[in-house]
Amino acid sequence: MMDDLQFEKLDMIDAVIRQRCTEITHITVHEVLDRNGYPQLGRVCFGAVDLGPFIESEAEDPTDDDDEPDEDADGELPEGEPLGDLARTYDGVTYAVLADAAVRWIKHMADQNMVGQREAKFKVNLWKGKGDKVIYSSRFLCTNTDYEDVPVVPAPTVALPALVPDTSPDPRTWRALGEGYQNFIALVQSTYSHLANLQNAHITSQSGQLARAQRTNENIVGQLTNLKIGAFEVESQQRGDDGEGRVREELGKQFIAELGGLGRVLATAKFGLAPEMIELAEIVNASPELLEAMKNPEVRRILRDEKTRKELAALLLMAAQAATAPPNPPPSGESAAA
């Protein structure tokens, strides 16, 4: 297939390879698909090892055994002889031979990728160093002169089925359905947003109420604690006072009971009390009810009122008169009969 290919702009690439042969270390060939598509087809090292299959066996070293080419009679170099760097050897062959082998390899890569194509574009990159810097890049066009178009087989004619009447809804119906669906989606989204806002507001309100209730409960618990502490202190104090009063009361009762008449005489002489008052005190002490009534602050407050004392004295006198009055005589027989 190589004989059927025509290459355009490949001569320029060949000239650059011969001109910069000592700088080239690698050569890559890419197929140009579009402006940004350059898939790599092959990569070869510019040396006798990789390019060995493309070096023609009949190629001879263009130089003689001497270091310089022979001159003609006029003292000029013969035309067609390689000059300069092309006469130097690399890997046992001259750079001129490597340049020819590189061009053959480029044509071979294009030939391998021209199957089923009339023409294609390729791109060649010349690399230096370790193959990490491009020193030259160019494109060339390859055309297959023996390409034949694939005959087009006419498609078999098949009878078309009868037209089916169009029973689809009117376009306005579809448009109305689409608008209704959009409105429904918008309504659902707005409803969801409104419910989310309500839920957030309710959660925020309940959180505030719970916080306030917790603070109120803490205050109430604190007040109850203080109240219980105060009640406990008052109860303890009252227990101490009641215990002391009861002890004193019992001691007084025992003192009066043991002293008897001598105690009344001493009390009369010491405190100036009348014997009736001492007797009244004995009567009150002998009655637990009267004693509890006299201990009541309200009862003592009432007794301090002069009017109340007068009424109480009158009531006691009336009770005494009723107790000393003779009993009524029984009714006579006549009056009973009547």
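Every number in this text was worked out from the coordinates using simple rules, so none of it is lab data. Being a predicted model, the structure only gives us computed values, none of them experimental. Virtual Cβ from ideal backbone geometry, glycine too; neighbours counted across all protein chains shown.
If R₀ is 30 angstrom, what is the calculated FRET efficiency for the pair residue 298 and residue 220, using the beta carbon separation as r and rounding to 0.05? It would help to have the intermediate numbers written out before the result.
On the way: r = 33 Å, r/R0 = 1.10.
It comes out at approximately 0.35.
Rg/Rh for the stretch 118-222: what does it come to with C-alpha atoms and Rh from Kirkwood?
On the way: Rg = 38.5 Å, Rh = 25.0 Å.
Rounded to two decimals, Rg over Rh is 1.54.
Measure off 7 Å from each Cα along the Cα-to-Cβ vector at residue 185 and residue 168, then give the distance between these two points in nanometres to one decimal.
2.0 nm
Would you mind putting 186-192, 101-107 in packing order, based on average other-beta-carbon counts within 10 Å, highest first?
My ranking of the peptides, most packed first, is 101-107, 186-192.
Using the Karplus curve 6.51 cos²θ - 1.76 cosθ + 1.60 with θ = phi - 60°, what ³J(HN,Hα) values do you get for each residue of the stretch 193-210, in whole Hz, with x for Gly and Pro?
Whole-Hz 3J(HN,Hα) from phi for the stretch 193-210: 4, 5, 5, 5, 5, 4, 5, 5, 5, 5, 5, 5, 5, 5, 5, x, 5, 5.
Compute the distance from the alpha-carbon center of the stretch 10-53 to that of the stretch 278-319, in whole Å.
With the stretch 10-53 and the stretch 278-319 each reduced to a Cα centre, they are spaced 138 Å.
Given 0.36 nm per residue, what is the gain on full extension from residue 280 to residue 232 after removing their alpha carbon distance, in nm? Before the final figure, lay out the partial values.
Working: separation 48, 0.36 × 48 = 17.28 nm, distance 3.74 nm.
Full-extension gain reported as 13.5 nm.
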